[in-house]
Amino acid sequence: MWQTNAVALRGGDEAMLIDSLYFPDELEALPGLLAGAGFEPDALLATHVDYDHVLARLAFPGLALGVGEPSALRLREEPGATQRALRDKDAELYVERPAPLSLGQVQSLPVPGSVELGSEELELHPAEGHTRDGMAVMARWCGLLCVGDYLSNVEIPMVEAGLDDYRATLARLSPLVETAETIVPGHGRPLTRDDALRVLDEDVDYLDALERGEEKPVLPDGRDTREQRKIHARNLGVTRSA
Ligand SMILES: [Zn+2]
């Protein structure tokens, strides 16, 4: 669903899983699939705490979930909201799960900051605007940048928290993308540097149209669909009430 991505990453003799998949059969298959490829995660990380990004806890219930400080704050201030949103989506899609989502031990990480992965270091960069929490994770040693719900080739910017924050995040991501080889968005396919820079430019143009309050803006190639028009209508609602 929604072309959701989970990224397995290894540094030295430690492995980590960033974000998650959605469907129970995907989550059930995940540990075996990863083990077959030599990945046995020691920790989980979520770019933000929308429910479609934290479900790896269901596949690896023994592992702690690392989140940025803004995400930990969001969980404290909106207790149970992630679980309720998941229950609603599951009900809509007739999805049954073997167990309800429990976030278990949540480890709060400073953002900006870094976290060790074996012999390597992951950089954590703030990424607000889609939601009020959010971080991008840069694994410089292997040229990987996981951006969470930004820079998607299948989804226009979903501005739930604020246009200015969203713009600031794109400006912050730009130099990171310049030094990365592979950019993995929360939704859609992994992008090369050039493709990610093109999406970033398209997203800036879209935000300009949103700020002007255009009802029917030109949407980027491949993202001009009825579903994306619905997202645009929601974005207009958020920016007009701000
Ligand atoms: Zn998402």
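The values are calculated or read from the model by the stated rules, or taken from the named source; none is laboratory data. Predicted model only: the values in this text are computed from it and were never measured. Methodologically, a virtual Cβ is constructed for each residue, glycine included, from the backbone with ideal geometry; neighbour enumeration extends over all protein chains shown. Heads up: the accessible areas ignore ligands, DNA and RNA and are worked out on the full protein's heavy atoms, side chains in. Shrake-Rupley method; radii C 1.70, N 1.55, O 1.52, S 1.80 Å.
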Requested in this report: With both partners inside the chain, how many of the DSSP beta bridges are antiparallel, as a percent to the nearest 5?
Outcome: 60
Report task. Using θ = phi - 60° and the Karplus relation 6.51 cos²θ - 1.76 cosθ + 1.60, list the HN-Hα couplings for segment 218-225 in order, rounded to whole Hz, with x at every Gly or Pro. Result -> 6, 9, x, 3, x, 10, 9, 10
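Run through every distinct alpha carbon pair of segment 67-117 and return the Kirkwood hydrodynamic radius in angstroms, one decimal place. Write down the numbers at each step before the final one.
On the way: mean 1/r = 0.0782 Å⁻¹.
Evaluated on segment 67-117, it is 12.8 Å.
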Report task. Return the loop-located GluC sites (Glu not before Pro) in segment 8-103 (DSSP other than H, G, I, E, B) with at most 15 other Cβ atoms within 10 Å of their own Cβ; answer none if there are none. Result -> 96
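Quote the charge dipole size of the chain about the Cα centre in Debye, to the nearest 20; the model charges only the Cβ of Lys and Arg (+1) and of Asp and Glu (-1). Please report the intermediate quantities before stating the final value.
Details: 23 positive and 43 negative charges, 109 e Å.
My answer is approximately 520 debye.
Taking each pair of distinct Cα atoms in segment 115-225 once, what is the resulting Kirkwood hydrodynamic radius in Å?
Details: mean 1/r = 0.0705 Å⁻¹.
Taking every pair of different Cα atoms in segment 115-225, averaging 1/r and inverting gives 14.2 Å.
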Requested in this report: Residues in segment 56-75, backbone N under 15 Å from the label point at residue 88 (7 Å along the Cα-to-beta-carbon vector): list them, ranges by number please.
Outcome: none
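Could you calculate the FRET efficiency of residue 233 with residue 101 from 1/(1 + (r/R0)^6), where r is the beta carbon distance between them and R0 is 35 Å, rounded to 0.05?
Between residue 233 and residue 101 the formula returns 0.75.
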**Report entry** Equivalent ellipsoid, segment 168-220 (semi-axes from 5 times Cα gyration tensor eigenvalues, Å)
**Finding:** 23, 12, 8
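Could you give the length gained by full extension between residue 240 and residue 25, i.e. 0.36 nm per residue of separation minus their alpha carbon distance, to one decimal place? Numbers along the way, then the final one.
Numbers: separation 215, 0.36 × 215 = 77.40 nm, distance 4.01 nm.
Full-extension gain reported as 73.4 nm.
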**Report entry** Projected-area mean, the chain, by convex hull of Cα positions, square nanometres
**Finding:** 12.5
Report summary line: Expected unfolding gain across residue 205-residue 174 under the 0.36 nm per residue rule, minus the alpha-carbon gap, is 9.7 nm
Query raised in the report: Using the Kyte-Doolittle scale, which helices in the chain average at least -0.5 and also have C-alpha atoms spread 20 Å or more along the helix axis, with helices defined as whole DSSP H runs?
Result: 163-178
Report summary line: Charge tally for neighbours of residue 23 with beta carbon under 12 Å away, counting Lys, Arg as +1 and Asp, Glu as -1, is -4
Query raised in the report: Hey, any idea what % of segment 1-67's accessible area is carbon plus sulfur with a 1.4 Å probe?
Result: 53
Requested in this report: Report the full-extension gain for the segment residue 40 to residue 120: residue separation times 0.36 nm, less the Cα-Cα distance, to one decimal in nm.
Outcome: 27.1 nm
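Under a Cβ-Cβ cut-off of 15 Å, what is the net charge of the residues other than residue 237 that fall near it, where Lys and Arg count +1 and Asp and Glu count -1? Let's see the in-between values first.
Working: positive: 229, 230, 234, 240; negative: 160, 211, 214, 215.
Summing Lys/Arg as +1 and Asp/Glu as -1 gives 0.
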Query raised in the report: Using a probe of 1.4 angstrom, how much of the accessible area of segment 162-242 is carbon and sulfur, in percent?
Result: 49
**Report entry** segment 1-155 - accessible surface per residue (Å², probe 1.4 Å)
**Finding:** 44
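For residue 57, what charge total do you get from the other residues with a beta carbon under 12 Å from its beta carbon, if Lys and Arg give +1 and Asp and Glu give -1?
Result for the local shell: 0.
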